[in-house]
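The values are calculated or read from the model by the stated rules, or taken from the named source; none is laboratory data. Treat the numbers as computed from the prediction; the structure is a model and nothing was measured. With ideal geometry, Cβ positions are generated from the backbone for all residues, glycine too; neighbour counts draw on all protein chains shown. Heads up: the accessible areas ignore ligands, DNA and RNA and are worked out on the full protein's heavy atoms, side chains in. Shrake-Rupley method; radii C 1.70, N 1.55, O 1.52, S 1.80 Å.
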Amino acid sequence: MLIDYHMHLERGPFEENWWLKFYEKAKERNIKELGISEHGHRFKEFRPIYNHLPITESWCDSNLYEYKEFTMFLKKKYNLKIGLEMDYFPEKEKEIKELLQEYNFFDYVLGSVHFIDQGFGFDIDPNDPRWTERDIEEIFEDYFDKVEKLIKSNLFDVIAHLDVVKLWGVRKPKNLNNLYEKIAKVIINSNISLELNTAGWRKPVNEVYPSPEFLRILAPYDVPLTFGADAHTPEDVGRDIQKAYNLAKELGFKKLSIFNKRDKIVVDL
């Protein structure tokens with residue numbers, strides 16, 4: 001069963017006509033189950049998690065009541081799961097936990113790391129001077145340190161685009177395999193599911209998140225997967241999902257995670 005659990009409607013309104021553009025593309029690509037996973041930074045209720053990042057203020061344009069009402073309406077008509085992509089900040093664990101408990105209508109929560117080093121949003125601008133001011137090993141180590149803490153926090157159902165820090169096609173650090181091995185052990189000893197995110201094939205790095213090298217490390221342990229195209233526009237819904245399924249099966253993965261009210265159901269891939 002092809003699923004796409006990672007998409008964002010943020011470039012349009014919470015209206016059915018806008019959603020249908022995503023839905024029709026999903027049908028065209030034989031996606032059987034869709035999940036909308038708006039960014040946490042969109043919502044005023046989650047502002048305490050992001051208030052240390054001024055850049056996110058302009059992204060905060062919605063409220064969770066509006067999101068809940070709209071997605072609940074869609075769920076009655078379509079095979080839809082209601083998700084959320086939440087940024088992880090080690091210093092904000094308490095706030096994240098409390099807000100996810102208060103707003104508990106989600107089927108699943110994707111955990112992501114987009115910011116390191118005191119607000120360095122590494123995926124925003126490839127020309128950010130911090131890419132050259134800092135050693136590449138340091139950047140990757142900082143990123144994977146936060147990924148490790150994200151997994152160990154037990155706040156999230158899925159780790160999203162695990163090695164997204166590579167997106168600009170920058171030189172990879174010499175110790176990357178060691179970082180992969182370390183994170184793989186953390187995943188194996190956790191209950192989190194791993195997302196195969198196809199957006200990497202649309203970025204300068206031209207590689208799935210996480211990399212095939214990382215996936216080969218995990219494949220023998222039968223870690224359950226989810227899949228997402230990370231679409232921000234309708235044309236990217238379901239894009240390369242079949243390709244990602246084929247890769248997962250080729251590497252030996254056998255299990256797929258689907259979710260309902262944050263309960264994980266593991267089925268055959």
Check: When the dipole is taken about the Cα centre of the chain, and only Lys, Arg (+1) and Asp, Glu (-1) are charged at their Cβ, what size is it in debye, to the nearest 20?
Finding: 860
Next item on the list: Work through the residues other than residue 3 whose Cβ is under 9 Å from its Cβ and net out their charges, Lys, Arg +1 and Asp, Glu -1.
Entry: 0
Notebook entry, point to check: Among residues other than residue 70 whose Cβ falls under 13 Å from its Cβ, what is the net charge (Lys/Arg +1, Asp/Glu -1)?
Noted result: -1
Check: For segment 176-219, what D do you get in µm² per second when you plug the Kirkwood radius from alpha-carbon pairs into Stokes-Einstein at 4 °C and 1.567 mPa s?
Finding: 117
Checklist line | Under DSSP loop assignment and at most 16 Cβ neighbours within 10 Å, longest GluC sites (Glu not before Pro)-free interval of the chain | finding: 16-206
Notebook entry, point to check: Hey, which of these cross-link pairs are over 18 Å Cα-Cα: 152/182; 152/203; 172/243?
Noted result: 152/203; 172/243
Item checked: Two-decimal Rg to Rh for segment 226-269 - Kirkwood Rh, Cα set -> 1.03
Check: In whole Å, what is the distance between the alpha-carbon centres of segment 179-235 and segment 21-53?
Finding: 18
Item checked: segment 1-66: trypsin sites (Lys or Arg not before Pro) falling in loop per DSSP and having at most 10 other Cβ within 10 Å -> 11
Check: Relative contact order (percent) for the chain, with alpha-carbon contacts under 8 angstrom and 6 or more residues of separation?
Finding: 21
Item checked: segment 230-269: trypsin sites (Lys or Arg not before Pro) in DSSP coil with no more than 12 other Cβ atoms inside 10 Å -> 261
Item checked: Mean accessible surface per residue for the chain, computed with a 1.4 Å probe while every protein chain stays in place, in Å² -> 44
Check: Once both labels are modelled 7 Å past Cα along the beta-carbon direction, what's the residue 232-residue 155 spacing in nm?
Finding: 2.3
Checklist line | Accessible carbon and sulfur surface of the chain relative to its total accessible area, %, 1.4 Å | finding: 45
Check: Most mobile of 251, 34, 215 per a Gaussian network model of the chain (Cα springs, under 10 Å)?
Finding: 251
Item checked: Long-range Cα-Cα pairs in segment 114-267 (distance over 22 Å), rounded percent -> 40
Check: Once every DSSP H run of n ≥ 4 in the chain is given -39500 (n - 2.57) and the sum is divided by its residues, what mean residue ellipticity at 222 nm do you get, rounded to the nearest 500 deg cm²/dmol?
Finding: -10000 deg cm²/dmol
Next item on the list: Select from segment 110-208 those trypsin sites (Lys or Arg not before Pro) which occupy a DSSP coil region and have at most 13 other Cβ atoms within 10 Å, ordered by residue number.
Entry: 171, 174
Check: Cβ under 12 Å from residue 184's Cβ, residue 184 left aside: what net charge do those residues give with Lys, Arg +1 and Asp, Glu -1?
Finding: -1
